[in-house]
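What follows is a set of notes on a single structure, which appears directly below.
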Amino acid sequence: SWFSRESVTRFLPQGLYPNSEFDQEDWFRREVAGGRFLAMVAEKETGVLLGVTSISEIDWISRSGQVSVVVPEKTRKASIPGLEARALVTQHAVEKMGLVRLWSGQAFPGNLRWTLSQALVGWRPEGFAMSGFTKGPVSFDIIRTYALGREIEGLTQERSGSLWPG
């Protein structure tokens, strides 16, 4: 249901068409078969599903990939689950998958708060793509962000082995 809500998909390619359970299962199977890493974001104690995170466009030669996080739900115990998911998937990509460069893009200025908060877990802005995303009749600028494996490893060591400081 998240990908059928305009408030969630405003800055995402999803949302042009209603999203059924069948459509989502079909998309999931195709993406995983194509090499995308997908993970669910859930509250630790209750298991309530809060969102999803993924690494796509994985290039095993250059050891890079695009990280996405969509976490529209919050709970009293998980007030910033999207940022925690970003930290955990970033650490996983570097430590377990051996990726050395991660990248992402966010609508600007629409997702500016999210873009700035990522700095807490090692993500930095690297530039803009003017009119880099178009949805329907509207174009948005995109701010590109990146995280480098060596910087993530250093930040993780400073935080006693966990990129997520919480």
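Taking every protein chain into account, the 1.4 Å probe leaves M130 with about 130 Å² of accessible area, to the nearest ten.
Taking a straight Cα-Cα cut-off under 17 Å and skipping sequence neighbours fewer than 8 places away in the same chain, the lysines within cross-link reach of K74 are K44. One Cα centroid belongs to the stretch 25-53, the other to the stretch 75-125; the line between them spans 16 Å. Using a cut-off of 15 Å between beta-carbons, work out the net charge of the residues near V48 (Lys and Arg +1, Asp and Glu -1, V48 not included). Net charge around V48: 0. How charged is the neighbourhood of A78? Take every other residue with its Cβ under 14 Å from the Cβ of A78, and add Lys/Arg as +1 and Asp/Glu as -1. That sum, taken over residues with Cβ under 14 Å, equals +1. Mean shadow of the stretch 20-94, computed from the convex hull of its alpha carbons, in nm²? For the stretch 20-94, averaging the hull's shadow over all directions gives 5.5 nm².
Averaging the sequence gap over all C-alpha pairs within less than 8 Å and six or more residues apart, then dividing by the number of residues, gives the chain a relative contact order of 16 percent. Each residue of the chain gets 125 Å³ once the volume of the Cα convex hull is shared out per residue. Taken about its Cα centre, the chain carries a charge dipole of roughly 300 debye when the Cβ of each Lys and Arg holds +1 and the Cβ of each Asp and Glu holds -1. Using the alpha carbons alone, the radius of gyration of the stretch 47-130 stands to its Kirkwood radius in an Rg to Rh ratio of 0.97. Residues W114, W123 ordered from highest to lowest accessible area at a 1.4 Å probe: W114, W123.
Counting only aspartates and glutamates at least 8 places from K77 when in the same chain, those with an alpha carbon closer than 17 Å to its own are E43, E45. Per-residue ellipticity at 222 nm computed for the chain from its helices equals -8500 deg cm²/dmol, with DSSP H segments shorter than 4 residues left out and the rest contributing -39,500 (n - 2.57).
The values are calculated or read from the model by the stated rules, or taken from the named source; none is laboratory data. None of these values were measured; they are calculated from a predicted model. For neighbour counting, all protein chains shown are included, and Cβ atoms are generated from backbone atoms with ideal geometry for every residue, glycine included. Heads up: the accessible areas ignore ligands, DNA and RNA and are worked out on the full protein's heavy atoms, side chains in. Shrake-Rupley method; radii C 1.70, N 1.55, O 1.52, S 1.80 Å.
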